[in-house]
Amino acid sequence: MMRFIHRLASPKYFYDVAGRIVPWAGWGALILILVGAYWGLVEAPADYQQGDSFRIIYVHVPAAWMSLFIYVVMAAAGAIGLVWRIKLAEIIAIASAPIGASFTFLALVTGSLWGKPMWGTWWVWDARLTSELILLFLYLGVMALYGAVEDKRMASRAAAILAIVGVVNIPIIHYSVEWWNTLHQGPTVTKLDKPSIAPEMLWPLLIMAVGFQLYYVATVLMRARVELLERERNSRWVQELVQPR
Amino acid sequence: MSFQEFLHMGGYAAYVWTSYALALVVLIANVVQPLLQRRRLFAALARKRRRSARN
């Protein structure tokens, strides 16, 4: 096991293994997202209160879940990179940032598009919406900080510290609908014993969520591979990859 | 359900279809961007190699 971890930490080995995982995760994500979208848009019945507008849930909720999940991965990878100086952890952390930012953006915009017909407003400064907006700024801050420092190892350390400090926002987002009186509805799915959502509406949501997870695996590895090549551009294995003898 | 009704989304067409279109754009962008970056990097490395071969 330790030997496996040690080998995985070697850049060339990681590059090859990641390259083999990408197509599997990518095609799996595509299939699941297509199935989930078809099921959610066509098969699932309209909501008795919200009509067809509730179908936004199949983009909004998985995107919001991913925005939190990716942040935790980014901060954890950043912490591992910070403590043990593992280059690959630094790379996973920084590769996660733009994907997480785009899911956060998607959650905010689709939430807005859902809020307009249902609440009558595009935006309210309530706890859930505001804390999710702060999450977007945290992602953008991590990316900007990383980009601003020339030395990439130093940049990773600075970005990791910001990411770790920002973790405090994650429970705030999650519990915001319980701690404060928000316009945003409370949790309906994560009440594990008995979700208050009909199964024929829930299934496409779960499929979509797994699809988004696989999508993240595929895209974070794609980004990590490129980032790795950039950092190792002067090493022998990259030279040979660019122009094999 | 007819195709017309499907497109109409019970009157919420603008909101529902904009959401899904944006999701599509975001999902595609995150795949295309690393591909482009990779191509740029390979081109830059190849240029550098040619330069150093000439000297």
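The values are calculated or read from the model by the stated rules, or taken from the named source; none is laboratory data. Computed from a prediction, not measured in an experiment: that's the story for all the values here. Because the Cβ atoms are built from the backbone with ideal geometry, glycine has one as well, and the counts that use them run over all protein chains shown. Heavy atoms of the whole protein, side chains included, go into the accessibility calculation; ligands, DNA and RNA do not. Shrake-Rupley method; radii C 1.70, N 1.55, O 1.52, S 1.80 Å.
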Check your understanding: What order, most packed first, do the peptides A:144-155, B:10-21, A:85-96, A:9-20 have when packing is the mean number of other Cβ atoms within 10 Å of each residue?
Key -> A:85-96, B:10-21, A:9-20, A:144-155
Practice item. Among A:ALA89, A:ILE164, A:LEU106, flag the residue with its Cα farthest along the positive direction of the charge dipole of the range A:56-171, charges on Cβ as +1 for Lys/Arg and -1 for Asp/Glu. Key: A:ALA89
Check your understanding: Taking the Cα centre of the protein assembly as shown as the origin and placing charges on Cβ (Lys, Arg +1; Asp, Glu -1), which of A:TRP122, A:LEU183, A:ILE80 is farthest toward the positive end of the dipole?
Key -> A:ILE80
Review point. Tell me: how much accessible area in total is hidden between B and A, 1.4 Å probe, Å², nearest 100?
Key: 3100
Practice item. Express the carbon and sulfur contribution to the solvent-accessible surface of the protein assembly as shown as a percent, rounded to the nearest whole number, probe 1.4 angstrom. Key: 67
Check your understanding: Accessible surface of B:HIS8 in the full protein assembly, 1.4 angstrom probe, to the nearest 10 Å²?
Key -> 110
**Study point:** Pair A:VAL149, A:VAL168: separation of 7 Å Cα→Cβ label points (nm)
**Key:** 2.0
Practice item. Within 10 Å of each Cβ in peptide A:52-60, how many partner chain Cβ atoms are there on average? Round it to a whole number, please. Key: 6
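Within 10 Å of each Cβ in peptide A:213-219, how many partner chain Cβ atoms are there on average? Round it to a whole number, please.
Whole-number average of other-chain Cβ neighbours for A:213-219 is 2.
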Revision key, fill the gap. To the nearest Å², the heavy-atom accessible area per residue of the range A:26-242 with 1.4 Å probe amounts to 46
Practice item. Work out the P(r) tail for the protein assembly as shown: percent of alpha carbon pairs separated by more than 34 Å, whole number. Key: 28
Review point. By how many degrees, between 0 and 90 and to the nearest 10, does the Cα long axis of helix A:127-148 differ from the longest principal axis of chain A?
Key: 20
Review point. If you place +1 on the Cβ of every Lys and Arg and -1 on the Cβ of every Asp and Glu, how big does the dipole about the Cα centre of the protein assembly as shown come out, in debye to the nearest 20?
Key: 2340
Study note, to complete from the structure: Connecting every pair of Cα atoms under 10 Å apart in chain A and solving the GNM, the largest mean-square fluctuation among A:GLY115, A:GLY166, A:GLY51 falls on A:GLY51
Exercise for review: Using only the Cα atoms of the range A:1-89, each taken as one equal point scatterer with no solvent, compute I(q) by the Debye sum, divide by I(0), and report log10 of the ratio at q = 0.13 Å⁻¹.
Suggested key: -0.69
Point to revise | Ratio of Rg to Rh over the range A:87-245 (Cα coordinates, Kirkwood Rh, two decimals) | key: 1.07
**Study point:** Distance (nanometres) between label positions extended 7 Å along Cα→Cβ at B:ALA21 and A:VAL124
**Key:** 2.8
Check your understanding: For chain B, with every protein chain kept in place, what is the accessible area per residue (1.4 Å probe, Å²)?
Key -> 70
Revision key, fill the gap. Hydrodynamic radius by Kirkwood for chain B, inverse mean 1/r across distinct Cα pairs, in Å, is 14.9
